[in-house]
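Peer 1: Encoded as structure tokens, here's the structure I'll be asking about.
Coordinate-derived values only; no laboratory data. Computed from a prediction, not measured in an experiment: that's the story for all the values here. Note that we place each Cβ from the backbone using ideal geometry, even for glycine, and neighbour counts take in every protein chain shown.
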Amino acid sequence: MSATTSAATPVRALTEAEAAVELARLAAAILEADIRYHGADDPAISDADYDALKRRNAAIEARFPALRRPDSPSLRVGAAPAEGFAEVVHAVPMLSLANAFADVDVVEFDARLRRFLALGAADPPLAYTAEPKIDGISLSLRYEGGRLVQAATRGDGSRGEDVTANARTIADSPAGLKDAPALLEVRGEVYMRHADFARLNARQAAAGEKILANPRNAAAGSLRQLDPAITGSRPLAFFAWGWGELSAPLATTQTEAMARLAALGFPVNPLLVRVLGPGALVAHWAAIEAQRATLGYDIDGVVYKLDDLALQGRLGFTEASPRWARAHKFPAETAWTRLEAIAIQVGRTGALSPVGRLAPVTVGGVVVSNATLHNEDYIAGRNARGEAIRDGKDIRAGDWVQVYRAGDVIPQLADVDLSRRPARAVPYAFPALCPECGSAAVREPGDAVRRCTGGLICPAQAVERLKHFAARGAFDIEGLGAKSIEEFHAEGWLREPADIFTLQARHGAGLAAREGWGARSAAKLFAAIEGRRRIGLERLIFALGIRHVGEVAAKVLARHYGTWAAFAAAMDAAEVGEGRHWEELLTIDQVGTVLAAAVVTAFHQPAERAAIARLATELDILPAGRPGAGTSPIAGLTVVFTGTLERMTRDEAKVRAEALGARVASSVSARTDLVVAGLGAGSKARKAEELGLRVIDEAAWLALAGGG
Ligand code: IVH
């Protein structure tokens, strides 16, 4: 195979013809690695191998500039394959599913729905649908007037990639519909059958092309091809599992809605059933698991959905997933391999995380070479409470270990085989110094994790914080991926987030002249950075990377304080454990003392605060948006519920209030606008009266919130 011969040939010895072949091979290899790195798939190759491919590509292009391909990886900034696709904003977000692992989780799921809906023991069991969870990639198909007008991947849930041309090549997705609602978005999973996957890989092997790791990666990679003809040549299949935006309801139950989709011509999984109560769900789960090996395609669990669509509507969504559905996963797949070494990675908040380097092993169709080892207690064979895990067996370099993977979770170790432990294996000594900066790594009482005390002087922390800052959910700067950040940090160009916004002024010319970049990629990156100077408050708070402040907490804080000025002033003035500002933080629903202390502490570290201030001057920070604001009389108000409501549970009332744009607080303060007092409301209602706040009863609340 000529490509293999030339891969080993030094760049200076390549003929022009060999160089052209080699550039084609590198473009394909790098694209494949990018897809697997950025997409839902596992990285195929190590970072070092990836960098070597990119360097070789750049070196050949430098020698033969005329041979640079239009699809050259050097023209892709940060090499996100998605750059070739237009962005689609989902009219209805594509959320994920909360998981259940054990039967008790299913019982708890049902019990929770019953509590939310205020159902008693005498009320009949709830009806659910249960269907396989297909291990593929989700796709949203939008039909207007019965014609397929747009197809989009899930992306980050709110914005996906426009893959319309590719989706048209999937035989299972109808191009036109009869008797469909004027607007219909059908959502489902693109997957590849085992037999088709095997034939495709045989074809790839015969053509000297890359072998695909598993059917899911094959489906994901095939759908996200820049050339629809390639997608068309891949045997992709589709199962519908739901819908997005609609001009008219499909039905009143999930079961009927799915039957309607089937009647319109969408493949619906034949194992979908309607059952009553959690016992029947678990029984169907076991029945599907028994057939798993003979289905002919990969599934990784069973999805349960409340059948009644009106009840689904009352339950609504959390930030990430519908309350009315669960994915009940199958037990993880496992394999034995040798633990070659234990390495330490230093994260964004300074946590020293031990990682097991494994002799590569296939677990559930994916090659695994790293596993998380959590913390020093875990390695020693103890859990957070000091109790023995793995029968107290510790983990040592050289051990034979059992690896398991569950869904998208990072591989973990389930067990150690002491009978195969090498005689010279010694217990692992966890470092007391940060391996990146040499600062003391300390473990606070009650914390399982040892943390580097180097703060901003620790290069690992600085780099991880920059990566977090530029990543999806935060500033989401296209082209400023992990690799570019490492490169710019090593170069001394980026030390803190504010530097990103001054990069062009300081190093614009340098970047344009840099190997592997060039004027075009540099211009693209700077345009992406400029596009993010205007940023929503909640994204900014999340991007700061404060410990314990995830996307949900950031949103809650942003909605409470509204503007950056108000938020920053309150944090600057707050003191941990006392005073008005501290109390106010704790009134915010979902904010506890741990989170509150983390935010206040971050604002009181002088170096940290100065870095935040430098960042803020670079930005135009938009006030936090409140969904539904302006359309409801309670939009923008801070509401406290107290006592027992009779017509809806407190959970449901809270969800309704938030959906109408209100903030729900857990305790009454001078900043409370409205107190809804149910039966037996006690001290909170009294405090509200004392403060002269507006207190209403349940009937008045229902009138305000509509329905009930
Ligand atoms: S229902 C609001 N049903 O699993 C989300 N999802 O972990 C409702 N998936 O993004 C999803 N099979 O891509 C649903 N039968 C099924 C599914 C399914 C596979 C995927 C889907 C979703 C992910 C959630």
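Peer 1: What does the helix-only formula give at 222 nm for the chain: each DSSP H stretch with n ≥ 4 adding -39500 (n - 2.57), the total divided by the residues, and the result rounded to the nearest 500 deg cm²/dmol? It would help to have the intermediate numbers written out before the result.
Peer 2: Working: 26 runs with 264 residues, N = 708.
Rounded to the nearest 500, it is -11000 deg cm²/dmol.
Peer 1: Separate question: Which value, in debye to the nearest 20, describes the size of the charge dipole of region 104-204 about its Cα centre when Lys and Arg Cβ atoms bear +1, Asp and Glu Cβ atoms bear -1, and nothing else is charged? Show your work: numbers first, answer last.
Peer 2: Details: 14 positive and 15 negative charges, 53 e Å.
Using only the charged Cβ atoms, the result is roughly 260 debye.
Peer 1: Can I ask one more? Find the Cα radius of gyration of region 245-290, compare it with 2.2 N^0.38 Å by division, and give the number to two decimals. List each step's numbers first, then the result.
Peer 2: Numbers: Rg = 13.0 Å, N = 46, 2.2 N^0.38 = 9.4 Å.
Output field value: 1.38.
Peer 1: Amide H of D307 versus every other amide H placed in the peptide plane: which residues, excluding those fewer than 5 positions away on the same chain, fall under 5 Å?
Peer 2: Amide H to amide H, under 5 Å and 5 or more residues apart or across chains, D307 pairs with A127, Y128, T129.
Peer 1: Return the sequence-ordered ³J(HN,Hα) values of region 324-337 in whole Hz as given by the Karplus equation 6.51 cos²θ - 1.76 cosθ + 1.60 applied to θ = phi - 60°, using x for Gly and Pro.
Peer 2: 3J(HN,Hα) across region 324-337, in whole Hz: 8, 9, 9, 9, 8, 7, 7, x, 5, 8, 10, 7, 9, 7.
Peer 1: Sort the following peptides by mean Cβ neighbour count (other Cβ atoms within 10 Å, averaged over residues), highest first: 118-127, 171-180, 149-158. Intermediate results must be reported in sequence, preceding the final value.
Peer 2: Working: 118-127: 11.8, 171-180: 15.2, 149-158: 18.7.
Packing order, densest peptide first, comes out as 149-158, 171-180, 118-127.
Peer 1: Once the other residues with Cβ under 12 Å from the Cβ of I621 are scored (Lys, Arg +1; Asp, Glu -1), what is the net sum?
Peer 2: Values: positive: R532, R533, R534, R539; negative: E538, E618, D620.
With Lys, Arg at +1 and Asp, Glu at -1, the neighbours total +1.
Peer 1: Considering amide H positions built from the backbone, and no H for Pro or chain starts, which residues 5 or more places from R694, or on another chain, come under 5 Å of its amide H?
Peer 2: V675
Peer 1: When the dipole is taken about the Cα centre of region 528-653, and only Lys, Arg (+1) and Asp, Glu (-1) are charged at their Cβ, what size is it in debye, to the nearest 20?
Peer 2: Working: 13 positive and 15 negative charges, 74 e Å.
The calculation lands at about 360 debye.
Peer 1: Over the chain, what is the mean sequence separation of C-alpha contacts under 8 Å (at least six apart), divided by residue count, expressed as relative contact order in percent?
Peer 2: Values: 1290 pairs, mean separation 67.9, N = 708.
Relative contact order comes out at 10 percent.
Peer 1: Determine by what factor the alpha-carbon radius of gyration of region 573-686 differs from 2.2 N^0.38 Å, reporting the quotient. List each step's numbers first, then the result.
Peer 2: Working: Rg = 17.0 Å, N = 114, 2.2 N^0.38 = 13.3 Å.
Taking the Cα Rg and dividing by 2.2 N^0.38 Å, one obtains 1.28.
Peer 1: How much of the DSSP beta bridge set in region 335-447 is antiparallel, as a percent to the nearest 5?
Peer 2: Values: 23 of 24 bridges.
Percentage antiparallel, nearest 5: 95.
Peer 1: Another question about this same structure. Taking every DSSP beta bridge with both residues inside the chain, roughly what % is antiparallel (nearest 5)?
Peer 2: Numbers: 75 of 92 bridges.
For the chain, the DSSP antiparallel bridge percentage is about 80.
Peer 1: A further question on this structure: Around G678, with a cut-off of 10 angstrom between Cβ atoms, what is the net charge of the other residues, counting Lys and Arg +1 and Asp and Glu -1? Working shown, then result.
Peer 2: Numbers: positive: R647, R650; negative: E646, D697, E698.
Summing Lys and Arg as +1 and Asp and Glu as -1 gives -1.
Peer 1: Okay, moving on. Starting from the exponent 0.38 and prefactor 2.2 Å, build the expected Rg for region 357-469 from its residue count and divide its actual Cα Rg by it.
Peer 2: Details: Rg = 16.1 Å, N = 113, 2.2 N^0.38 = 13.3 Å.
My calculation over the Cα atoms of region 357-469 gives 1.21.
Peer 1: Amide H neighbours of Q150 under 5 Å, counting only residues 5+ apart in sequence or on other chains, H built in-plane at 1.01 Å?
Peer 2: Counting only residues 5 or more places away or on other chains, the set is R142.
Peer 1: K684: which lysines have alpha carbons under 27 Å from its alpha carbon, excluding same-chain residues fewer than 8 sequence positions away?
Peer 2: The qualifying lysines are K555, K654.
Peer 1: In whole angstrom, how far apart do the alpha carbon centroids of region 356-407 and region 141-155 sit?
Peer 2: Between the Cα centres of region 356-407 and region 141-155 lies a distance of 43 Å.
Peer 1: Per residue of region 355-362, in order, report the coupling 6.51 cos²θ - 1.76 cosθ + 1.60 (Karplus, θ = phi - 60°) as ³J(HN,Hα) in whole Hz, putting x for Gly and Pro.
Peer 2: Result, ordered by residue: 10, x, 8, 10, 5, x, 8, 8 Hz.
Peer 1: Hey, rough spin-label estimate for R385 and R68, points 7 angstrom out along Cα→Cβ, what's it come to in nanometres?
Peer 2: Inter-label distance under the simple model: 6.2 nm.
Peer 1: Now, a different point. Do any GluC sites (Glu not before Pro) in region 458-548 lie in a DSSP loop with no more than 12 other beta carbon atoms within 10 Å, and if so, which?
Peer 2: Values: sites: E464, E478, E486, E487, E491, E515, E530, E538; in loops: E478, E515.
Those that pass, being in a loop and sparsely packed, are E515.
Peer 1: Still on this structure: Please work out the C-alpha center-to-center distance from region 582-616 to region 312-351 and express it in whole Å.
Peer 2: 27 Å
Peer 1: If each residue of separation counts as 0.36 nm, what is the full-extension length gain between A202 and A287 once their alpha-carbon separation is subtracted?
Peer 2: Working: separation 85, 0.36 × 85 = 30.60 nm, distance 3.27 nm.
Residue separation times 0.36 nm, minus the Cα-Cα distance, leaves 27.3 nm.
Peer 1: Treat each spin label as a single point 7 Å out from the Cα along the C-beta direction, and report the E575 to W336 distance in nm.
Peer 2: Using points 7 Å along Cα→Cβ, the separation is 6.1 nm.
Peer 1: Multiplying the sequence separation of S419 and Q345 by 0.36 nm and subtracting their Cα-Cα distance, what value in nm do you get?
Peer 2: Working: separation 74, 0.36 × 74 = 26.64 nm, distance 2.94 nm.
The span from S419 to Q345 would gain 23.7 nm if fully extended.
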